[in-house]
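Here the structure comes first, spelled out in structure tokens, and everything after it is commentary.
What follows draws every value from the coordinates through simple rules; no lab data is involved. Because the structure is a prediction, the values reported are computed rather than measured. Cβ: placed from backbone, ideal geometry, glycine included. Neighbour counts: every protein chain shown.
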Amino acid sequence: MPASTLQNSPNAVLNKSVAERYRHLPCPQNKVKATYIWIDGTGENVRAKTRTLDFIPTKSEELPIWNYDGSSTYQAEGANSDTYLKPVALYSDPFTEGNNKLVLCDTYKHNKQPTATNKRNMCFQAMEAAKDTIPWFGIEQEYTLLDMDMRPLGWPKTGFPGPQGPYYCGVGANKVYARDIVEGHYNACLYAGINISGTNAEVMPSQWEYQVGPCVGIDAADQLWVSRYILHRVAEDFGVIVTFDPKPVEGDWNGAGAHTNFSTQAMRNDGGIAEIEKAIEKLAKNHRKHIAAYDPRGGKDNERRLTGRHETSSIHDFTAGVANRRASVRIPRGCAEEKKGYLEDRRPSSNCDPYSVCEALVRTCILNE
Ligand code: ADP
Ligand code: MN
Ligand code: MN
Ligand code: MN
């Protein structure tokens, strides 16, 4: 793409070789940078701030509770703004390396109650109640790269690219844009300790996917949130914006989802297809409840995406089928053949809160709520 489009971003034009002068300065051995990451009041965006520790932590419980100004993140009133950060999971920091850490946190109000966008707390309770069934989740995170003018990266500034068809899993300069970001993110996730399981270019140009999982219980959603932080952060280095909007371009362009693949030990055992079918019957009876949990606006975002076109089901009806990419829930062909495995819930929006999605699946399919 012409350099002129990237000059919109100060991050893209700052000289990265100058930054290298400071990156590898020897720092005191016992000093560790801990970047605390949390979900803000939008329920969609992440925030982060860094502090120095004088020990090398090995688990999240060792890290101090911290706080931040919740009135600047849509989470508190100015007059009562201190909001608590409780460390819940620890990852290696791929941006500063060494012993430095990324610290995922959930958030609590001045009265120690969870904030409105702390969905982890309830999800954790559901996972505890269901833990004997050993629930696994694998989440396919789709996203779109944008230039600083909020147009998809590499798209003509006036008009549109050629119609969809050649871009999915595409190779070549006229098919995919910014593979550097995708591969940087992949490596950074592996370095951090995220169980990232793959990546592919998507149907719309500048749209991509990666998968996290399978992970057990709460770990899937924890890891997905940190993988999103890492993606925003890698793209920031290139002066590129990541959007998880489920329908970034109206018209004949695919939306973006977060297909959630789900199984219990009983589903993974021989003959588990019977368990998968039982779960699908329960999901059919709870369609509205799930749609409400599958995007941050209770279904409003998914209305733009789940149209019944562009490989989606209609938001209004529950459908299920083997190898059916137009259904709400798909049984992968391999699982139908082996008569065991998992189901794929195709409804979650790309900007969903995976805590809400995983919690809804567990409450409906395992806890019978
Ligand atoms: P698709 O064919 O829908 O594009 P992907 O290969 O992108 O599928 O993603 C499949 C996801 O399912 C991966 O994240 C994988 O880890 C996950 N997965 C595989 N087996 C299971 C299982 N038994 N339970 C839950 N998730 C699983
Ligand atoms: Mn996929
Ligand atoms: Mn996909
Ligand atoms: Mn899928």
* Asked: Considering the dipole of the stretch 126-365 built from charges on the beta carbon (Lys and Arg +1, Asp and Glu -1) around the Cα centre, which of 186, 260, 198 is farthest to its positive end?
  -> 260
* Asked: Taking 0.36 nm per intervening residue step and subtracting the Cα-Cα distance, what contour gain separates residue 134 from residue 171 on full extension?
  -> 9.5 nm
* Structure fact -> Phi angles of the stretch 27-32, converted by Karplus (6.51 cos²θ - 1.76 cosθ + 1.60, θ = phi - 60°) into ³J(HN,Hα) in whole Hz with x for Gly and Pro, give 10, x, 4, 8, 9, 10
* Give the shape of the stretch 304-358 as rounded, prolate or oblate, defined through the alpha-carbon gyration tensor: a ≥ b ≥ c are the square roots of its eigenvalues, a/c under 1.5 means rounded, and otherwise the shape is prolate if a/b is larger than b/c and oblate if not. => oblate
* What FRET efficiency would be calculated for the residue pair residue 180, residue 29, taking the C-beta separation as r and a Förster radius of 45 Å, to the nearest 0.05? -> 0.85
* To do: With +1 on each Lys and Arg Cβ and -1 on each Asp and Glu Cβ, and nothing else charged, work out how big the dipole of the chain is about its Cα centre, in Debye to the nearest 20.
  => 160
* Which shape class, rounded, prolate or oblate, goes with the stretch 283-329 when its Cα gyration tensor gives a ≥ b ≥ c as root eigenvalues, a/c under 1.5 marks rounded, and past that a/b bigger than b/c marks prolate? -> oblate
* Which order, highest average first, do 325-331, 272-278, 344-350 follow once you tally other Cβ atoms within 10 Å for each residue and take the mean per peptide? -> 344-350, 325-331, 272-278
* Quick one: Karplus J couplings for the stretch 345-350, per residue in order, coefficients 6.51, -1.76, 1.60, θ = phi - 60°, nearest Hz, x for Gly and Pro? -> 8, 8, 7, x, 6, 4
* **Kyte-Doolittle at least -0.5, axis length at least 24 Å by Cα - qualifying DSSP helices, the chain** => 219-237
* Asked: Using the 10 angstrom Cβ neighbour count as an exposure proxy, how do 88, 216, 171 rank, fewest first?
  -> 171, 216, 88
* Determine the gain in length on full extension of the stretch residue 336-residue 17; use 0.36 nm per residue of separation and subtract their C-alpha separation, reporting nm with one decimal. => 109.6 nm
* Asked: If you put +1 on each Lys and Arg Cβ and -1 on each Asp and Glu Cβ, how big is the dipole of the stretch 31-118 around its Cα centre, in Debye rounded to 20?
  -> 140
* To do: Check each of the GluC sites (Glu not before Pro) in the stretch 58-101 and keep only those in coil by DSSP with at most 12 other C-beta atoms within 10 angstrom; list them in order.
  => 77, 97
* Given the rule -39500 (n - 2.57) for each run of at least 4 DSSP H residues, summed and divided by the residues of the chain, what is its mean residue ellipticity at 222 nm, to the nearest 500 deg cm²/dmol? -> -8000 deg cm²/dmol
* Mind checking the stretch 1-104 for chymotrypsin sites (Phe, Trp or Tyr not before Pro) that DSSP puts in a loop (not H, G, I, E or B) and that have at most 14 other Cβ atoms within 10 Å? => 55, 74
* Asked: Under the classification rounded if a/c is under 1.5, otherwise prolate if a/b is larger than b/c and oblate if not, where does the chain fall, given a ≥ b ≥ c as square roots of the Cα gyration tensor eigenvalues?
  -> oblate
* Quick one: which residues, 5+ away or cross-chain, put their amide H under 5 Å from the amide H of residue 313? H built at 1.01 Å from N. => 308
* What Kirkwood hydrodynamic radius do you get for the stretch 31-118 when you take the inverse of the mean 1/r over all pairs of distinct Cα atoms, in Å? -> 13.2
